[in-house]
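Have a look at the structure below before the remarks.
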Amino acid sequence: MSAPTAPEPSSTASAATDSPPGLTPDIVAFATKVYNAARSGDLPLFQQALPRGLPANMTNEKGDSLLMLSCYHGHYDVAKFLLENGADPNRVNDRGQSIIAGAVFKKEEAIVDLLLEWEADVDLGEPSASQAVGMFRMEGDWAQKFEDARRRKKAGASGEGEGGAETSSRGQKGEMAGEGVL
């Protein structure tokens with residue numbers, strides 16, 4: 001098995017030259033600003049833009065979501081805000097990489113814990129977060145956290161878990177048509 005590649009997005013320069021038909025330079029510039037805000041942890045931008053209709057699951061040309069970018073760069077507050085506003089913790093990019101695997105790769109433990117709280121699937125993606133833990137010999141506490149997450153998921157699927165209805169609807173808040181366009 002080859003070593004994983006980090007979910008780091010491509011440069012924003014290609015967005016301006018390879019934009020989909022019908023997108024104006026102003027729209028491309030705004031999208032670039034939003035992706036850079038996710039990378040830099042600009043929480044105020046998201047606190048203004050999400051209530052005004054910015055899709056929480058917006059993705060760039062490689063399928064990297066705002067949540068993936070903020071998690072990869074260790075911006076807990078932005079990640080939490082995106083999750084609270086409908087971002088999907090189980091969205092994979094166009095390379096099949098999961099958000100939680102990227103957080104494991106970067107050793108962002110607080111982000112991993114946050115994603116687990118929001119029911120991120122540790123077995124999703126290639127490589128998955130579980131595989132990344134093994135590859136980087138980080139088994140210890142991480143392996144136990146992932147096993148606990150699997151147990152909670154299984155209990156929730158069978159209706160035995162606590163808060164099943166509340167947690168299963170988390171990803172539904174703030175969903176909008178047109179997500180993933182950029």
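Of note, Ala37 satisfies the criterion of being assigned to a helix (DSSP H, G or I), of a type in the set (Gly, Ala, Ser), within 27 Å of Asp121 (Cβ to Cβ) and modelled with pLDDT of 95 or more. Considering Asp88, Asp123, the condition of being touching a residue at least 60 places away in the same chain (Cβ under 8 Å), among the acidic types (Asp, Glu) and on the phi < 0 side of the Ramachandran plot is satisfied by Asp88 alone. Set side by side, the residues Gly74, Gly96 differ, and just one is small (Gly, Ala, Ser), closer than 18 Å to Leu124 by Cα and free of Cβ contacts under 8 Å to residues at least 60 places away in the same chain, which is Gly96. Looking only at the range 64-106, how many residues end up being surrounded by fewer than 24 Cβ atoms within 10 Å (Cβ to Cβ) and touching a strand residue (DSSP E or B) at 6+ places or on another chain (Cβ under 8 Å)? Within the range 64-106, residues that are surrounded by fewer than 24 Cβ atoms within 10 Å (Cβ to Cβ) and touching a strand residue (DSSP E or B) at 6+ places or on another chain (Cβ under 8 Å) number 5. In the range 40-73, the qualifying residues are those that are of a type in the set (Ser, Thr, Tyr) and either touching a His at 6+ places or on another chain (Cβ under 9 Å) or outside any helix (DSSP H, G or I) (or both), and the one that is nearest to Val112 (Cα to Cα) is Ser65.
Looking only at the range 70-114, residues that are under 9 Å from the mean Cα position of the chain (by Cα) and of a type in the set (D, E, K, R) come to 2 in all. Counting only helices (runs of 4 or more DSSP H) that sit completely within the range 74-149, those holding 3 or more residues that are closer than 20 Å to Ala56 by Cβ correspond to 76-84, 99-105, 109-117.
When Glu117, Glu175, Glu147 are checked against the criterion of being modelled with pLDDT of 85 or more and either surrounded by fewer than 17 Cβ atoms within 10 Å (Cβ to Cβ) or more than 14 Å from the chain's Cα centre (by Cα) (or both), Glu117 stands alone in meeting it. Tell me whether the range 8-21 contains one or more residues that are modelled with pLDDT of 90 or more and not in a loop (DSSP other than H, G, I, E, B). No; the residues of the range 8-21 include none that is modelled with pLDDT of 90 or more and not in a loop (DSSP other than H, G, I, E, B).
The values are calculated or read from the model by the stated rules, or taken from the named source; none is laboratory data. Because the structure is a prediction, the values reported are computed rather than measured. Virtual Cβ from ideal backbone geometry, glycine too; neighbours counted across all protein chains shown.
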